[in-house]
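Q: Supplied in structure tokens, the structure appears directly below.
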Amino acid sequence: MRILAVESSCDETAMAVVEDGRKVISEAISTQIDIHALYGGVVPEIASRNHVLALDPLLDEVLPAGESVDAVAVTYGPGLVGALLTGVSWAKGFAYAKGLPLIPVNHIEGHVSANYLAHPDLEPPFVCLVASGGHSHIVRVDAYGKYTLLGQTTDDAAGEAFDKAARVIGIPYPGGPLLDKLADEGNDKAYHFPRAKVQGKYDYSFSGVKTAVINETHKLRQLGQEICREDFAASFRRVVVDTLVEKAVAAAVDSGVGKLALSGGVAANSLLRSEIERCGQKAGLKVYMPPKKLCTDNAAMIGSAAYYRYQNGVLAGLDLNAQPALRFLTD
Ligand code: KG4
Ligand code: ZN
């Protein structure tokens, strides 16, 4: 079964054709990073307008004239409402015009499913850490499309903390990837940032460390002291990565499934990748992660999630609406 998948929840417009949930036939992405970098972050209205411009040309790239698909899938939440609406409206139009089934996909489930594309041998059950700009969840994938939430952030997402830390040391949007590079050159013990204590065994909290980086930079500036950006980035990255890895590995070990997968934009972080591999293996887990380009937003992951949704009988009508605050496991 070939599915045309559409993703437009934030600042990337993406389309892909995916076969049977596992094989990427074609994919294309139109990024708006340079446009939003001017403003230091995503401007929702500008994102929506650029999605509209990007959607039709992407179809020509992923589906050559004369080729067909069996269904169309689209991210309908969570994300920016206007941005989501462009993709949802486009997908509804395409489904109606071609008489195809329409499959609604939750963006977070898409991130988890990126692992199916990268690892043909990966099958549920497994535990997955989803760390992105808007979310930090630990879920157990019980079966395709069936999940148990083990833990989540009680406040900010890991990616949000990365972007804030980057901003305070003058790294331009999008901060996470550039902070990661800078951190490679620094000493991760130079600055001390707090590790949050959270009640839930597998829950996270990143607002404390976010505030700590802001306070520390203010303090140093008031004292007239130079901030070593490399050391600052390395110390911050170390705290966040250690926290993410410790709880994800514990959840996977305790659940007894023996497999731990990583996903979401923050899964592109080089230290998180190496540490989860190292600690996971040490704990006797088989560790899975998608290549970096499948960690950040893309449409192939939506096409994979859609295939298993379709198998589970999840379809949408032409009344499908964007749901900006859609929660994982409730749709
Ligand atoms: O999954 P994603 O592309 O979009 C959302 O669904 O939110 O994640 C974007 C987030 C941003 O916060 C970005 O800074 C972060 O992922 N990110 C990284 C890295 N690459 C992307 N954070 C740390 N290190 C990276 N290498
Ligand atoms: Zn995402």
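Q: Could you please let me know if Thr148 is more than 14 Å from ligand 1 (Cβ to nearest atom), of a type in the set (S, T, N, Q) and in a strand (DSSP E or B)?
A: For Thr148, the condition - more than 14 Å from ligand 1 (Cβ to nearest atom), of a type in the set (S, T, N, Q) and in a strand (DSSP E or B) - is met.
Q: Give region 257-273 a look and list any residue that's assigned to a helix (DSSP H, G or I) and either open to solvent by less than 10 Å² (accessible area, probe 1.4 Å) or within 15 Å of ligand 2 (Cβ to nearest atom) (or both), or say none.
A: Gly265, Val266, Ala267, Ala268, Leu272
Q: Conditions first: (1) farther than 13 Å from Ser8 by Cβ; (2) open to solvent by less than 20 Å² (accessible area, probe 1.4 Å); (3) of a type in the set (Ser, Thr, Tyr). Thr75 passes all but one, so which condition is the exception?
A: (1)
Q: For region 108-145: of the residues being assigned to a strand (DSSP E or B), of a type outside the set (Val, Ile, Thr) and open to solvent by less than 10 Å² (accessible area, probe 1.4 Å), which is modelled with the lowest pLDDT?
A: Ser136
Q: Could I ask something else about it? How many residues are among the aliphatic types (A, V, I, L, M) and within 16 Å of ligand 2 (Cβ to nearest atom) if we restrict to region 119-145?
A: Summing the residues that are among the aliphatic types (A, V, I, L, M) and within 16 Å of ligand 2 (Cβ to nearest atom) in region 119-145 gives 4.
Q: Next question. Within region 45-68, can one find any residue that is open to solvent by 10 Å² or more (accessible area, probe 1.4 Å) and either closer than 25 Å to Thr330 by Cβ or in contact with a Gly (Cβ under 7 Å, 6 or more places away or on another chain) (or both)?
A: Scanning region 45-68 turns up at least one residue that is open to solvent by 10 Å² or more (accessible area, probe 1.4 Å) and either closer than 25 Å to Thr330 by Cβ or in contact with a Gly (Cβ under 7 Å, 6 or more places away or on another chain) (or both).
Q: Report the residue count in region 191-227 for those that are acidic (Asp, Glu) and surrounded by 15 or more Cβ atoms within 10 Å (Cβ to Cβ).
A: Summing the residues that are acidic (Asp, Glu) and surrounded by 15 or more Cβ atoms within 10 Å (Cβ to Cβ) in region 191-227 gives 2.
Q: Of the residues in region 153-163, how many are within 15 Å of ligand 2 (Cβ to nearest atom), touching a Gly at 6+ places or on another chain (Cβ under 9 Å) and not hydrophobic (A, V, I, L, M, F, W, C)?
A: Total meeting the criteria: 3.
Q: Sticking with this structure for a sec: Using beta carbons and a limit of 7 Å, which pairs, at least six apart or on different chains, have the first residue in region 265-293 and under 20 Å from Glu160 (Cα atoms) and the second one open to solvent by 20 Å² or more (accessible area, probe 1.4 Å) and at pLDDT below 95?
A: Here the result reads Gly265/Gly133, each pair linking region 265-293 to a residue that is open to solvent by 20 Å² or more (accessible area, probe 1.4 Å) and at pLDDT below 95.
Q: Let me ask something else about it. Taking only pairs six or more apart or across chains, which ones have beta-carbon atoms under 6 Å, a first residue in region 121-133 that is of a type in the set (A, V, I, L, M), and a second residue that is in a strand (DSSP E or B) and within 13 Å of ligand 1 (Cβ to nearest atom)?
A: Cβ pairs passing all conditions: Leu129/Leu262; Val130/His137; Val130/Ser263.
Q: Moving to a separate point now. For region 7-20, give me the residue count where each residue is part of a strand (DSSP E or B) and either in contact with a Cys (Cβ under 9 Å, 6 or more places away or on another chain) or buried (at least 20 other Cβ atoms within 10 Å of the Cβ) (or both).
A: Total satisfying the criteria: 8.
Q: Here's something else I'd like to know. Looking only at region 284-331, how many residues end up being among the basic types (Lys, Arg), part of a helix (DSSP H, G or I) and either under 22 Å from Asp142 (Cα atoms) or modelled with pLDDT under 95 (or both)?
A: Result for region 284-331: 1.
Q: Looking only at strands (runs of 3 or more DSSP E) that lie completely in region 21-107, which have at least 2 residues being free of Cβ contacts under 8 Å to residues at least 40 places away in the same chain?
A: Of the strands (runs of 3 or more DSSP E) lying wholly inside region 21-107, those with at least 2 residues that are free of Cβ contacts under 8 Å to residues at least 40 places away in the same chain span 23-31.
Q: Scan region 164-191 residue by residue and report those that are within 16 Å of ligand 2 (Cβ to nearest atom), in contact (Cβ under 8 Å) with a residue 40 or more places away in the chain and either over 16 Å from the mean Cα position of the chain (by Cα) or in a helix (DSSP H, G or I) (or both).
A: Tyr173, Gly176, Pro177
Q: State the number of residues belonging to region 298-322 that are hydroxyl-bearing (Ser, Thr, Tyr), touching a strand residue (DSSP E or B) at 6+ places or on another chain (Cβ under 7 Å) and farther than 19 Å from Leu58 by Cα.
A: 2
Q: Whether any residue in region 64-80 is within 16 Å of ligand 2 (Cβ to nearest atom), among the aromatic types (Phe, Trp, Tyr) and closer than 25 Å to Gly317 by Cα is what I want to check.
A: Yes - at least one qualifying residue is present in region 64-80.
Q: To continue, here is another question. For region 274-283, name all the residues that are in contact with a helix residue (DSSP H, G or I) (Cβ under 8 Å, 6 or more places away or on another chain) and either assigned to a loop (DSSP other than H, G, I, E, B) or within 16 Å of ligand 1 (Cβ to nearest atom) (or both).
A: Glu275, Ile276, Ala283, listed by residue number.
Q: Return the only residue of Ala91, Ala83, Ala47 being farther than 26 Å from Pro177 by Cα and either within 14 Å of ligand 1 (Cβ to nearest atom) or in contact with a strand residue (DSSP E or B) (Cβ under 7 Å, 6 or more places away or on another chain) (or both).
A: Sole residue among the options that is farther than 26 Å from Pro177 by Cα and either within 14 Å of ligand 1 (Cβ to nearest atom) or in contact with a strand residue (DSSP E or B) (Cβ under 7 Å, 6 or more places away or on another chain) (or both): Ala91.
The values are calculated or read from the model by the stated rules, or taken from the named source; none is laboratory data. Keep in mind it's a predicted model, so treat the numbers as computed, not measured. Heads up, the Cβs are rebuilt from the backbone with ideal geometry, glycines too, and the neighbour counts pull from every protein chain shown. Surface areas here come from the heavy atoms of the whole protein model, side chains and all, with no ligands, DNA or RNA. Shrake-Rupley method; radii C 1.70, N 1.55, O 1.52, S 1.80 Å.
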